[in-house]
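Visitor: The structure follows.
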Amino acid sequence: MTGPLLLVAVVLVLLTAAWFSWTAGRLDRLHLRCEGAAAALDAALAARRALALEAAAQPTTDPASAVLLADAATDSGHTYQVESNLSAVLRAVRPEPPRPEPWDELVAVGERVQVARRIHNDLVATTLALRERRRVRWFRLAGHAPAPEMVAFDDAVTAPADGS
């Protein structure tokens, strides 16, 4: 009688260990994807700042707009409040069509920034949901990896349609 019970116990231990291993691996992959998404977001933000500086240097940009753009694009520190300020300046000084070439590129890069932020936040939400599971917390399957954080800033390319 102890033979079948021992076999069942061994099988349960092996299945539990396999589940723990699979969950820890999944969590590790999610953390790596979050880091990659954060790097992609940072690259898109850097490209947006570079294009904003290029747009500020264009002779077709009026001087006041050029100063605002250059100041917002070169603001010290890399915080998401700085990025929100750049978004607001870009919407405020955006010329009407037909726009010079850098502006069309700025709109395209602004859309890439929005997509990169959404992808990053979706991955972070999935990772945090898995990290919050009771079994993951109890058995510390996340290891010592810091929890990823959501990114929140104003990245709208154009003003809202209702004018508010």
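Each reported figure results from applying straightforward, stated rules to the coordinates on display, with no laboratory input. Just so it is clear, the model here is predicted, and its values are computed rather than measured. Methodologically, a virtual Cβ is constructed for each residue, glycine included, from the backbone with ideal geometry; neighbour enumeration extends over all protein chains shown.
Visitor: Mind sorting Arg133, Arg140, Arg33 by how few other Cβ atoms lie within 10 Å of their own Cβ, fewest first?
Guide: Least crowded to most crowded, the residues run Arg140, Arg133, Arg33.
Visitor: Note down, for the chain, the three equivalent ellipsoid semi-axes (square root of 5 times each alpha carbon gyration tensor eigenvalue), biggest first, whole angstrom.
Guide: Square roots of five times the eigenvalues give 50, 13, 12 Å.
Visitor: So, one more: Starting from the Cα-Cα distance between Ala152 and Leu7, subtract it from 0.36 nm times their residue separation and give me the gain in nm to one decimal.
Guide: Stretched out fully, the Ala152 to Leu7 stretch lengthens by 47.0 nm.
Visitor: Identify, among Gly25, Pro95, Leu53, the residue whose Cα sits farthest towards the positive end of the charge dipole of the chain, taking +1 on the Cβ of Lys and Arg and -1 on the Cβ of Asp and Glu, with the dipole about the Cα centre.
Guide: Final value for the positive-end residue is Gly25.
Visitor: Based on alpha-carbon atoms only, what is the radius of gyration of segment 46-91 relative to the globular estimate 2.2 N^0.38 Å?
Guide: Dividing the Cα radius of gyration by 2.2 N^0.38 Å gives 1.04.
Visitor: To continue, here is another question. Treat the count of other C-beta atoms within 10 Å as a stand-in for reagent exposure and order Val10, Val113, Val124, Val107 from fewest to most.
Guide: Going from least to most buried by this count: Val10, Val107, Val124, Val113.
Visitor: Report the local net charge at Glu105: Lys and Arg +1, Asp and Glu -1, summed over other residues whose C-beta lies under 15 Å from its C-beta.
Guide: Net charge around Glu105: +1.
Visitor: Which of Ser87, Ser21, Ser65 ends up with the largest GNM mean-square fluctuation for the chain, with Cα atoms connected below 10 Å?
Guide: Answer for the Gaussian network model of the chain: Ser21.
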